[in-house]
Amino acid sequence: MTSMLYVLPDYRRFGVSSMMLSLQYEKLRELVKKGENVDGMISIPTSNASKQQFLKLGYTEIYTAPPSIYKLTNGQQWQSVDPEHPTVSLMFLKL
Ligand SMILES: CC(C)(COP(=O)(O)OP(=O)(O)OC[C@H]1O[C@@H](n2cnc3c(N)ncnc32)[C@H](O)[C@@H]1OP(=O)(O)O)[C@@H](O)C(=O)NCCC(=O)NCCS
């Protein structure tokens, strides 16, 4: 399980995180071939960049939470202040 993906800005767009994710995919594929009951990989990207990345790796977007579902404890609507992290999606890659 990868809990958080982060690549230092100077090293982005060189395929670093895609390589890490592909290695995980290959390891899980081997387990499936040996009979392990694993359906696939789940990803919950929050950034535009990582969502694009998971799409490129073959993940399917299952659900994207509309901003309207986020509420603060005082009942007010939550709004992302970072346009690079506008919302959260649930994505799936079958093994
Ligand atoms: C998201 C992140 C981990 C990607 O790491 P990376 O090593 O640069 O990704 P890769 O080089 O493997 O990119 C693979 C593909 O993902 C997509 N991608 C990556 N960064 C992108 C960006 N900023 N905008 C659009 N697409 C992007 C592209 O399709 C890219 O392929 P290409 O370079 O051939 O076009 C990195 O940008 C990062 O650390 N961002 C800040 C933290 C973050 O957003 N983490 C994820 C939170 S859920």
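The values are calculated or read from the model by the stated rules, or taken from the named source; none is laboratory data. In this text the structure is predicted, and so the values were computed from the model without any measurement. Here Cβ is always computed from backbone atoms with ideal geometry, including for glycine, and neighbour counts include all displayed protein chains.
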Going by the conditions given, is Lys56 modelled with pLDDT of 95 or more, among the basic types (Lys, Arg) and surrounded by 15 or more Cβ atoms within 10 Å (Cβ to Cβ)? no
Taking the conditions exactly as written (surrounded by 12 or more Cβ atoms within 10 Å (Cβ to Cβ), modelled with pLDDT under 95 and within 20 Å of Ser89 (Cα to Cα)), does Tyr70 satisfy them or not? yes
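Within region 18-39, is even one residue at positive phi, surrounded by 10 or more Cβ atoms within 10 Å (Cβ to Cβ) and not hydroxyl-bearing (Ser, Thr, Tyr)? Walk me through how you get there before you give the answer.
Residues of region 18-39 that are at positive phi, as a first pass: 35.
From the residues that got through so far, the ones that are surrounded by 10 or more Cβ atoms within 10 Å (Cβ to Cβ) too are none.
Checked region 18-39: no residue is at positive phi, surrounded by 10 or more Cβ atoms within 10 Å (Cβ to Cβ) and not hydroxyl-bearing (Ser, Thr, Tyr).
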Considering only residues that are under 16 Å from Ile42 (Cα atoms) and not polar (S, T, N, Q), look in region 1-17 and name the one that is surrounded by the most Cβ atoms within 10 Å (Cβ to Cβ). Leu5
What's the number of the condition Lys51 fails, among (1) of a type in the set (Lys, Arg); (2) under 10 Å from the mean Cα position of the chain (by Cα); (3) at pLDDT below 95? (3)
